[in-house]
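Down below is the structure, laid out as structure tokens.
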Amino acid sequence: MCNIGITGLNAGDSPAPGVAVARCLTEHPDWSGNISGMVYDALESGGLDRKLASSVYLLSYPKAGKDALLERISYIQKREALDVIIPNLDAELLNFISIREELADMGIRMFIPSDEQFKRRSKVNLSKLAAEIGINTPKTRLVTDRSHIDVRQDELPVMVKGLFYDARMAYTLEEVRHHVHKIASMWGYPVLIQQFIEGEEYNAAVVGDGKGNLLAVAGMKKLVFTDKGKGWACVSIINEDLNELAEQAVSALAWPGAMEVEAIKSKKDGKFYLIELNPRFPAWIYLAKAAGMNLPHLYLQLALGKEITEKMAYRSGVVFTNYTTNLITDLDRISTLFTNGEVDYYAKAV
Amino acid sequence: MIIDVHKLKELAISESGLIFDPTSGTIYTSNSVGLLILGALRDGKEDIEIRNLILNDYDVDELTAERDIYDFYNQLRGSGMVKDV
């Protein structure tokens, strides 16, 4: 019996990973436990799914800082006796890293990177990391001030990216300035300007053991894109070059837990270019489970300090597609979450 | 002409004509003649043998069969499935 806290439950057109992670855990044959949803907004759609979480708690936005998070989780812990928390959002992870010892003292385990590991793979430091381990990556520069955007005409097009979220293609210098302003107003500075590599995007979800070993890797290629470039339908693949890239990154970082590797196979030279290393499971992680690798279950075993005995075999050619459906709940329940900050025993409600 | 068909052996091919490349995730479709050529290439057959297979199964002349084979080779080259050695 395990009580798990899961964040990142928004499941809209640009979904967070939480719902998929919860489904992977609860559909494993050995699963026995409860899921507590931890949301930043009472309308995070996964938090409204009574079958997914037995309770839902509102958290302060990450900007409120680590102390607010610690105080909130201390409260939740008295109610839920959590064994493990799986953070699923980039923007919250530094706060969780900062309070990991306090959470461990409460009996809550996580399998997350250190502050140093987290920062080494950040978009800001990715070029440096890639150079250290001999991986190709697009040239990237930082913009810390709107008045210092030094992109030349002959460098276009470029990708303009936020530190945690958002990536937009710019074909003109005017578009570069426009995207920098938009992204900075939403996510703050620095904003990154990255060389555009023409080619096909490949993704891999991985779990590392924290000692430099890659325990599992699941490859994916997008088949159908949303207008934000997210994968709406995807297929599982087995690509040795992609797997090797993932292994190099996990090994260099001695990465513990979940990570998503994003890479582009260049149309020009056929080489893989590392685009991002996201410090969490991807939203498509349910595909990995469907194709034979239940990475969230593996993560849970690692977080609990259990010996890994399950053998997993990955299959290519498994397709998943998102589809939208409707969840029904009472407005009272949402307002209770707004005002009280929690809804208990969701499964018993309605 | 000698072509390297190593990559073709990795493909998942369904009878309906759906071809899946498990390393790139790319999905192709093919008609029955394409499937016949792919199967023959994977079995290591030579151009003349492949032409004869087509002549056995379809009511076409030699020239048409050869042209179709080379057109298909060009498509395979374009998608990176085979390369000349």
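The values are calculated or read from the model by the stated rules, or taken from the named source; none is laboratory data. Fair warning: this is a prediction, and the values are worked out from it, not measured in the lab. Neighbour counts run over all protein chains shown; Cβ positions are idealised from the backbone, glycine included.
Numbers at a glance
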{"quantity": "Number of the exception - B:Tyr28 against (1) within 20 Å of A:Leu223 (Cα to Cα); (2) not in a strand (DSSP E or B)", "calculated": "(2)"}
{"quantity": "Contacts under 8 angstrom Cβ, first residue in the stretch A:250-272 being on the phi > 0 side of the Ramachandran plot and surrounded by 24 or more Cβ atoms within 10 Å (Cβ to Cβ), partner among the aromatic types (Phe, Trp, Tyr) and part of a helix (DSSP H, G or I), 6 or more apart", "calculated": "A:Gly257/A:Tyr299"}
{"quantity": "Residue check, A:Ala252 in contact with a Cys (Cβ under 9 Å, 6 or more places away or on another chain), in a helix (DSSP H, G or I) and among the aliphatic types (A, V, I, L, M)", "calculated": "no"}
{"quantity": "Scope the stretch A:339-350; condition at pLDDT below 90 and surrounded by 13 or more Cβ atoms within 10 Å (Cβ to Cβ); matching residues", "calculated": "A:Val343, A:Asp344, A:Tyr346, A:Ala347, A:Ala349"}
{"quantity": "Hey, A:Ala91 within 14 Å of A:Gly8 (Cβ to Cβ), surrounded by fewer than 19 Cβ atoms within 10 Å (Cβ to Cβ) and touching a residue at least 24 places away in the same chain (Cβ under 8 Å) or not", "calculated": "yes"}
{"quantity": "Strands (runs of 3 or more DSSP E) within the stretch A:1-99 that include 2 or more residues under 28 Å from A:Lys119 (Cβ atoms)", "calculated": "A:2-7, A:33-39, A:84-86"}
{"quantity": "Any hit, the stretch B:31-47, residues being more than 30 Å from A:Lys222 (Cα to Cα), basic (Lys, Arg), surrounded by 12 or more Cβ atoms within 10 Å (Cβ to Cβ) and out of contact with any Ser or Thr (no Cβ under 6 Å at 6 or more places or on another chain)", "calculated": "yes"}
{"quantity": "Pick from the stretch A:303-324, criterion in contact with a Phe, Trp or Tyr (Cβ under 7 Å, 6 or more places away or on another chain) and either within 14 Å of chain B (Cβ to nearest Cβ) or under 30 Å from B:Leu18 (Cβ atoms) (or both), ranking: surrounded by the fewest Cβ atoms within 10 Å (Cβ to Cβ)", "calculated": "A:Thr321"}
{"quantity": "Every residue from the stretch A:22-77 that is touching a residue at least 40 places away in the same chain (Cβ under 8 Å), of a type in the set (S, T, N, Q) and touching a helix residue (DSSP H, G or I) at 6+ places or on another chain (Cβ under 7 Å)", "calculated": "A:Ser36, A:Ser54, A:Ser55"}
{"quantity": "Every pair of residues 6+ apart whose Cβ atoms lie under 8 Å, when the first sits in the stretch A:98-120 and is closer than 16 Å to A:Gly212 by Cβ while the second is of a type in the set (Gly, Ala, Ser) and surrounded by fewer than 20 Cβ atoms within 10 Å (Cβ to Cβ)", "calculated": "A:Phe111/A:Gly210; A:Gln117/A:Ala254"}
